[in-house]
Every structure is written in structure tokens, then in C-alpha cells.
Amino acid sequence: MTANAYSCIFCPGIGVMSMKAALRVLALIASGAVAACGTPGGLLGPVVDIPETNQKVALYVATSRAPSSTDAALIFGGDRARTPNHGRIVVAIPPNHVTGELELPGRPPGDPKQHFVAAERDLFGDKDFIERIRRAVAARPPHERDVLVFIHGYNTRFDDAVFRFAQIVHDSGFKGVPVLFTWPSRGSLLAYPYDRESAVYSRDDLDNLLQAIATKTGARKFDILAHSMGGFLTAEVLRGAAMRGNGRYNGKLDQAMFAAPDIDIDVFRRQLEKITPQRLPITVFVSADDKALGFSRFVWGSTNRAGAFTVTDPVMAQRLAAANVTVVDLSDVKTSDSLGHGKFAASPKVVQMIGGRLAADGGIKSRGPSLGESLVVVGSSLGHTVGGVAAGVVAAPVKVLEGKDPVPATLKEAHEQ
């Protein structure tokens with residue numbers, strides 16, 4: 001696919017953020033409006049006497065972070081490690097957990113009857129890490145021998161990433177083996193440049209992890225879910241894999257999902273030029289009211305961010321139909337996240353829809369729960385637009401999620417070609 005084919009993948013959904021608006025967003029973030037950022041003190045000190053009513057989620061963790069030198073309950077801080085570290089953390093889910101919420105304590109250690117807490121934690125070497133994943137995969141029924149890799153975003157501490165991923169795994173109903181890749185974020189609002197460089201620093205470590213999952217764990221397939229700046233890291237890694245001729249990681253990479261990707265739109269187009277010829281199913285969750293990405297746009301000199309834009313060009317939708325990308329517009333979905341940046345995890349219906357897609361062999365075309373008219377899914381195989389040739393998708397978004405195909409014949413023909 002040529003560069004011209006990506007000249008208008010997304011069209012603007014928000015205007016240039018003013019200084020006043022940027023400061024309002026800054027105040028929101030600094031006050032803790034993003035649930036995944038800013039929990040007080042490390043919350044990963046193991047809690048004993050977990051009630052039997054608590055469900056547990058075991059996460060396998062690979063990280064390019066160095067161990068924390070100041071907080072043992074945090075385990076890993078924001079410094080960069082020379083070589084990756086690995087571990088396993090078991091998170092206990094409170095019995096009254098509300099889907100889409102992340103019930104964290106105001107201070108450690110937390111009450112397992114009310115809060116997400118760490119029940120177990122182990123650290124070990126690289127070879128033991130892969131072997132443990134292999135054993136976890138083998139212990140599952142054949143149809144559940146899948147791996148889900150989660151890559152978090154900017155301003156995320158280690159414990160924040162652990163608890164958020166545990167919530168996603170639990171709420172989505174994922175039955176395979178969850179693997180968290182966490183890179184050295186400072187967990188500080190003003191450390192945006194450091195975080196960006198840390199994401200770049202971590203490319204080889206993430207790529208090596210994906211290669212090991214594909215070739216050494218016995219998994220029948222693996223999927224990727226990347227949020228915010230983690231989407232930039234993931235797209236860079238997938239671009240590199242495609243350029244060396246192994247963009248689907250020995251055929252084991254089944255799909256990649258980008259939630260609110262904090263990526264310059266022009267950069268994302270270039271990345272997709274290399275990735276999409278691999279026929280990898282890609283989902284992009286976007287929201288025009290994402291205030292955090294609006295702030296990112298302000299920081300980067302008003303460059304458009306991929307996660308805050310919706311598709312509006314029907315000609316481009318037809319070109320994208322052959323590239324296997326689905327755009328899910330969450331602009332009208334309301335959650336407790338006042339910044340609109342974590343809707344993929346904070347909306348019960350969206351996180352369950354993600355789980356439905358992960359559970360089905362059909363990947364991106366699998367049946368999901370009915371989200372109703374509040375969720376407009378732009379595409380059943382890739383980027384159909386919210387107007388023109390694909391108006392039927394807007395009129396009946398549930399049909400897309402239920403596996404029915406409202407795509408006009410013209411787009412079907414483009415996809416087949």
C-alpha cells in the first residue's frame with residue numbers, strides 16, 4: 001500500500017487546544033483524575049489472609065524497569081534497567097468489584113474485602129519466566145492456550161500497570177495467560193519527555209518478549225492490547241518485525257488493539273504502511289473527547305494524535321478495508337474517567353467487548369456484546385466511516401458487533417482485492 005493510501009486515515013475530531021484548556025487538563029491530571037496514575041505509595045506489598053470470596057488473577061510480568069531503590073512495595077520504579085526483569089504477581093479482586101472500576105486503597109496495604117491487593121509476588125530470571133508461562137499455557141484447555149500482552153501508557157507506575165491489567169483480565173473474562181510488559185515510566189505528569197524516550201528504549205525488550213512467546217511457550221496464539229504511549233512503543237515494534245519479514249511472529253500474533261494511541265497521526269500512517277501488508281487485524285479505539293490526548297497534542301505543538309480522531313472520509317475507508325483495521329469510536333461512551341483517556345478499561349461494555357474478541361478464533365470479526373446506539377463501531381474488518389458509503393454502520397452498530405455484515409458490496413470487493 002502506498003503512502004498516498006494513508007494520506008487521510010483519520011480526520012480531525014478536536015481543535016487545537018488553547019493554553020487555558022491545556023491548563024485545565026493539567027489540573028485534572030494532577031488531581032488524580034486518571035485512575036491509572038498517582039496511587040499513594042507502593043501497593044504491591046503482599047496481603048495475607050485473602051478471603052476465599054476473592055477471585056485472583058495471576059499476571060506474568062516482563063519489564064525494562066530497574067528495581068525501586070526507595071519503595072520495596074512498589075518493586076520496580078521508573079529507572080531503566082540494563083537488562084529486563086521478570087516476575088509473577090497474583091492480584092486479589094474484591095468480592096464487590098464493579099466492572100470497569102479500579103478499587104484501590106487510599107494507602108497501603110489495603111483491605112482485600114474492598115480493594116485490589118497483591119496476594120503473591122515472585123521475581124525470577126528470563127529462562128524461568130518463559131518456562132513458567134509455558135507451564136501455565138499447557139495447564140489450560142487447548143482452546144484457552146492463548147496469551148494476552150498488555151503495554152501500558154504514559155505516567156504509569158509499576159503498581160498502577162499491574163492493577164489496571166488485572167482489572168482488564170478479570171472484567172473481560174480472558175481465560176488465557178496474561179503477560180504484562182511494563183516500561184520505565186516515571187509515573188509523573190511532568191516526565192512526559194522521559195517517558196517517551198523510555199518507550200523508545202524498550203523496543204528491543206518488547207520485541208524479544210513477543211518472539212519468545214511465539215516460539216517457546218506453546219501458545220496457540222497471542223494478542224496485544226496497548227494503551228496510550230504504549231501504543232507508540234507497540235507500533236514501533238510491529239513495524240520493525242514487519243520490516244525484517246516476520247510481522248506476525250511466526251504466525252502466532254492474532255490481533256493488535258490500540259486504545260487511545262498517543263501517536264502523531266503522520267507517524268502512525270507511516271507505521272501502518274509497514275504493518276498492514278502483514279494482514280494483521282488491528283483495532284484502534286478512538287474518542288474525540290479524550291482530554292489527555294488533547295493535552296498531548298498541545299505538548300507536541302498541536303500535532304494530531306491518532307487516538308483522538310475519528311474516520312470521516314469514505315474514500316479512505318475503502319482503501320483501508322483491505323488493510324484489516326477496525327476503528328471503534330468511543331466518543332459517546334460515558335465512564336467515570338473524567339479525561340476520557342481510559343474508556344477501553346473503564347467502560348464495562350467496552351472491556352467486555354474486548355474480552356469477546358479475545359475469546360473467539362475469528363479475532364476481529366468475532367461476536368461481542370451489544371453496546372447499543374451509544375457505541376459506534378466503524379468497521380467490521382477495517383475502518384468503515386461514519387458517513388457516506390458506510391452509513392448503515394452508524395444506523396445499526398450492534399449488527400457489526402454481533403457478526404452481521406452491513407458492509408456495502410463496493411467495500412466487500414475492495415477487501416477481496
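Some notes on this structure:
- Three-way shape call for segment 235-284 based on the alpha-carbon gyration tensor, with the a/c threshold at 1.5: oblate
- Equivalent ellipsoid semi-axes, segment 119-170, via Cα gyration tensor eigenvalues times 5, rooted, Å: 23, 16, 10
- Heavy atoms of the protein chains alone define the surface here; on that basis segment 124-215 has 34 Å² accessible area per residue at 1.4 Å probe size.
- Kirkwood radius, segment 174-281, all distinct C-alpha pairs, inverse of mean reciprocal distance: 14.4 Å.
- Amide H contacts of T283 (H built 1.01 Å from N, in plane; Pro and chain starts excluded): A256, M257, F258, T326 sit under 5 Å, all sequence-distant by 5 or more or on other chains.
- FRET efficiency, 1/(1 + (r/R0)^6) with R0 25 Å, evaluated for D49 and E144 via beta carbons: 0.25
- ³J(HN,Hα), Karplus 6.51/-1.76/1.60, whole Hz, each residue of segment 278-284, x for Gly, Pro: 6, 6, 6, x, 10, 10, 10
- For segment 77-90, the Karplus equation 6.51 cos²θ - 1.76 cosθ + 1.60, evaluated at θ = phi - 60°, returns couplings of x, x, 7, 8, 8, 5, 9, x, 10, 9, x, 9, 10, 9 Hz by residue, with Gly and Pro reported as x.
- Prolate/oblate/rounded label for segment 77-168 (Cα gyration tensor, a/c 1.5): oblate
- Residue pairs, from the table K56/K113; K56/K216; K221/K274; K175/K216; K56/K252, whose Cα atoms sit over 24 Å apart: K56/K216; K56/K252
- Cut-off under 5 Å, modelled amide H: who pairs with R80 long-range: A66
- Taking the C-alpha atoms of segment 117-258, convex hull volume expressed per residue in Å³: 113
The values are calculated or read from the model by the stated rules, or taken from the named source; none is laboratory data. On a predicted model such as this, the values are computed, not experimentally measured, just so you know. Here the Cβ is made from the backbone with ideal geometry for all residues, glycine too, and neighbour counts use every protein chain on show. Just the protein is used for accessible areas: all its heavy atoms, side chains included, with ligands, DNA and RNA removed. Shrake-Rupley method; radii C 1.70, N 1.55, O 1.52, S 1.80 Å.
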